[in-house]
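Asker: The structure's right below; bear with me while I get my questions together.
No value in this document is a laboratory result; all are computed from the given coordinates. Bear in mind the structure is a predicted one, so any value in this text is a computation, not a measurement. Note that each Cβ is placed from the backbone with ideal geometry, even for glycine, and that neighbours are counted across all protein chains shown.
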Amino acid sequence: MQPECTYTICHPIKIDTRPIFLQAGFCSAPASGIHSIQLHRNRNLPAPKPFVDLTDRIPDLLLDIRYFGSANFIGTPVDGYGAPRAWLTEPAAEALARVQRRLQLFDLSLKLFDAYRPQRAVDHFIRWCETPCDPELRALYYPSLNKDDLFAEGYLKRRSTHSRGSTVDLTIAASDGSFELDMGTRFDFFGPESWLDCDSIPTQARANRLLLQSVMTAEGFIPFHHEWWHFTLRDEPYPDTCFDIPIT
């Protein structure tokens with residue numbers, strides 16, 4: 001979740017030709033076997049135009065589509081996610097494939113949490129904000145905020161960049177999915193600890209975030225200041241269009 005059009009632009013980071021984790025060692029977190037999944041889809045259902053299925057372009061991409069299930073900040077499957085698939089526009093998919101090729105050199109992979117998001121999913125988030133708070137979910141995802149704050153602080157918007165089809169939420173993992181690089185917080189943790197300039201997380205987690213930012217910005221993606229996992233293609237083809245095609 002993110003502001004609709006406001007971003008902090010981080011230029012590609014100049015680093016040693018070796019990835020950061022090889023220079024200084026890296027910390028990892030075990031990946032959950034329940035939610036760490038690769039492709040599970042019906043190959044007879046191609047992605048509708050103007051989208052392409054990411055697993056057609058990046059066969060070894062790791063998928064963990066959180067809004068298809070209940071392991072997310074609202075605690076239930078989200079409207080519009082009828083299958084654990086990942087769709088993007090053609091230019092965004094090609095750029096992401098180049099990022100994956102960079103990581104493959106070091107036996108690493110992108111692990112995707114979300115890509116295109118139907119507008120009906122965003123509407124579901126809006127309705128959720130009008131319901132009573134679940135204390136357990138709040139403790140996991142937004143411990144220092146109330147539901148209303150999620151809009152006020154820009155974590156949620158009534159129009160999402162994801163609905164334009166060129167935005168992704170992701171991290172870096174081992175190519176076999178056995179672990180993720182430690183990024184300091186869980187995906188969809190709403191608070192300053194997830195901000196790009198947070199200096200209260202461990203040094204190695206900051207280095208891992210810099211690695212993710214470096215490979216993504218090198219291929220034309222713009223990071224979002226409040227969420228280390230969130231990137232939008234700089235030259236997205238539909239900057240003013242929110243789609244509402246359900247994912248099937």
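Asker: What FRET efficiency comes out for the pair T203/R101, r = Cβ-Cβ distance, R0 = 41 Å, nearest 0.05? List each step's numbers first, then the result.
Answerer: Numbers: r = 28 Å, r/R0 = 0.69.
Efficiency for this residue pair is about 0.90.
Asker: Can you give the local net charge around S200? Use residues other than it whose beta-carbon is closer than 15 angstrom to its beta-carbon, Lys and Arg +1, Asp and Glu -1.
Answerer: After counting each charged neighbour, the total is -2.
Asker: Net charge within 14 Å of P237 by Cβ-Cβ distance, Lys/Arg positive one each and Asp/Glu negative one each, not counting P237 itself? Intermediate values should be presented prior to the final figure.
Answerer: Values: positive: K49, R164, R234; negative: E90, E94, D235, E236, D240.
Cβ neighbours under 14 Å give a net charge of -2.
Asker: Ranked highest first by the average count of other Cβ atoms within 10 Å around their residues, in what order do 160-173, 121-134 fall? Each step should come with its number before you reach the end.
Answerer: Values: 160-173: 25.0, 121-134: 14.6.
Ranked from most to least packed, the peptides come out as 160-173, 121-134.
Asker: What whole number of Å gives the distance from the Cα centroid of the stretch 97-114 to the Cα centroid of the stretch 176-248?
Answerer: First find each Cα centre; the distance between them is then 13 Å.
Asker: Going by how many other Cβ atoms sit within 10 Å of their own, how do H225, H230 line up, fewest first? Don't skip to the end; give the middle numbers.
Answerer: Values: H225 18, H230 27.
Going from sparsest to densest Cβ surroundings: H225, H230.
Asker: Can you put S70, S200, S214 in order, fewest other beta carbons within 10 Å first? It would help to have the intermediate numbers written out before the result.
Answerer: Details: S70 12, S200 9, S214 18.
The fewest-first ordering by Cβ neighbours comes to S200, S70, S214.
Asker: For the stretch 20-233, what does the equivalent ellipsoid look like in terms of its semi-axes, each the square root of 5 times an eigenvalue of the Cα gyration tensor, given largest first in whole Å? It would help to have the intermediate numbers written out before the result.
Answerer: Numbers: eigenvalues 119, 102, 49 Å².
Ellipsoid half-lengths, sorted descending, are 24, 23, 16 Å.
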